[in-house]
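Novice: Here's a structure for you.
The values are calculated or read from the model by the stated rules, or taken from the named source; none is laboratory data. Model, not experiment: these values are computed from the prediction. Cβ: placed from backbone, ideal geometry, glycine included. Neighbour counts: every protein chain shown. Surface areas here come from the heavy atoms of the whole protein model, side chains and all, with no ligands, DNA or RNA. Shrake-Rupley method; radii C 1.70, N 1.55, O 1.52, S 1.80 Å.
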Amino acid sequence: QVQLVESGGGLVQAGDSLRLSCVASGRTFRYYAMGWFRQAPGKERELVAASGGSVYYSGSVKGRFTISRDNAKNTVYLQMSSLKPENTAVYYCAARIGIISLQSHEYDSWGQGTQVTVSS
């Protein structure tokens, strides 16, 4: 439905901070709920944070990660602080019309992913 492009991933040390960005195409961004998912090797894709009428954070990132959005710029951000090696994963931006969902299959559009690697 919309095209999404993530950026901001990279290699950092434990304790560092990183901000991911996701830019969406189109004129209807404000109607979309946006989610950040991640997938580590050998693990299932999981929702990290979502924003769209309400805000959700997984228990493992609550207090360290912050999701925000700038509707005028069609952009959603994930500010990650106090990064840990277990946060290493490919992070994906996803969009769906309406309220947020915890289920990945309910998101219609996906970005290409950006690699986040946290060394110890």
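Novice: Any residue in segment 60-71 that's among the aliphatic types (A, V, I, L, M): show its pairings with residues that are open to solvent by less than 70 Å² (accessible area, probe 1.4 Å) at Cβ separation under 6 Å, as long as the two are six or more apart or on different chains.
Specialist: Partner pairs satisfying both residue conditions: V61/V48; I67/A49; I67/S51; I67/L78.
Novice: Going by what's in this entry, would G53 be described as open to solvent by 60 Å² or more (accessible area, probe 1.4 Å), modelled with pLDDT under 95 and either in a strand (DSSP E or B) or out of contact with any Lys or Arg (no Cβ under 7 Å at 6 or more places or on another chain) (or both)? Outline the logic, then answer.
Specialist: Details: open to solvent by 60 Å² or more (accessible area, probe 1.4 Å): yes; modelled with pLDDT under 95: yes; either in a strand (DSSP E or B) or out of contact with any Lys or Arg (no Cβ under 7 Å at 6 or more places or on another chain) (or both): yes.
Answer is yes for this residue.
Novice: While we're here: Can you tell me which residue among R30, R38 is basic (K, R) and farther than 16 Å from V118 by Cβ?
Specialist: One residue alone meets the criteria, R30.
Novice: Here's something else I'd like to know. Looking only at residues that are of a type outside the set (A, V, I, L, M) and crowded, with 21+ Cβ neighbours inside 10 Å in segment 19-33, which one is farthest from W110 (Cα to Cα)? Break it down into steps so the answer makes sense when it comes.
Specialist: Going through segment 19-33, the residues of a type outside the set (A, V, I, L, M) turn out to be 19, 21-22, 25-32.
From what's left, crowded, with 21+ Cβ neighbours inside 10 Å: 22, 32.
Numbers: C22: 10, Y32: 12 Å.
Only one residue fits best here, namely Y32.
Novice: When both residues are 6+ apart or on different chains and their Cβ atoms are under 7 Å apart, which pairs have a first residue that lies in segment 9-26 and is on the phi < 0 side of the Ramachandran plot and at pLDDT 95 or above, and a second that is hydroxyl-bearing (S, T, Y) and surrounded by fewer than 14 Cβ atoms within 10 Å (Cβ to Cβ)?
Specialist: What qualifies is L11/S119; Q13/S119; A14/S119; A14/S120.
Novice: All but one of (1) at pLDDT below 95; (2) closer than 14 Å to G8 by Cβ hold for Y92, so report the exception by its number.
Specialist: Of everything listed in (1) at pLDDT below 95; (2) closer than 14 Å to G8 by Cβ, Y92 misses just condition (1).
Novice: Can you report the number of residues in segment 79-120 which are open to solvent by less than 60 Å² (accessible area, probe 1.4 Å), not in a strand (DSSP E or B) and not hydroxyl-bearing (S, T, Y)?
Specialist: 7
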